[in-house]
Amino acid sequence: MLKYLPFVLMILLLSGCAGELTRIPDSEKTIQASSDIKGKNQLQLFGATKDWMEENFTSEKGPIAFEDIQEGTVIGNGQLDYPCSWLSCLTKSNWKVLFSMKVTAQPGLINTSFRDLQLASPPASGGADFSHGMVAPVWSRRDMDAIRPLLLKLHRDLTVFLQHSPR
């Protein structure tokens, strides 16, 4: 009986992991958040958001992808470490999450959306340069559920920065 235990455990492990690999619809591939920033006008929020992105984002494309001062819109390119835990660290321990963050400022308000979410693996050689590894869009619920809290924390970090910005 004990000789079948590893086989049964493997089946349970694989069936548990398979349930988390549900494909998410396109409508769930964008994460949105809004925050009130009292006492700041659109120009102040736009300028401080741009400063924050330039300071906090690193990307091969550059931190700022687009800016429109009239509309109060800034789009930044960012990357984060993939938040692996336990079993996912066996396969994704040095992966990055690539994303674009669009912030639209209005007087006293910012609207943030994260899109173009991608996972980047390091190259097979194990180097730190991700330009030669695999890059693929986020498609599974498990990955999105792992990434969402990090992106929402970025929004909260930006909100705190804007509330205390001298601009």
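Computed quantities for the displayed model
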read-out: Dipole moment magnitude, nearest 20 debye, region 22-140 about Cα centre, only Lys, Arg, Asp, Glu C-beta charged; value: 300
read-out: Amide proton proximity set for Met134, modelled H, under 5 Å, gap of 5+; value: Ser121
read-out: Descending principal axes extents, region 45-167, alpha-carbon based, whole Å; value: 46, 25, 24
read-out: Of Lys50/Lys102; Lys61/Lys92; Lys40/Lys61; Lys29/Lys61; Lys96/Lys153, pairs whose Cα-Cα distance is over 19 Å; value: Lys61/Lys92; Lys40/Lys61; Lys29/Lys61
read-out: Peptides ranked, highest mean first, by Cβ atoms within 10 Å: ranges 64-70, 48-54, 118-124; value: 48-54, 118-124, 64-70
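No lab work stands behind these numbers, since they all come straight from the coordinates. These numbers were taken from a predicted model, which means no experiment stands behind them. Using ideal geometry, Cβ is built from the backbone for each residue, glycine included, and neighbour counts are taken over all protein chains shown.
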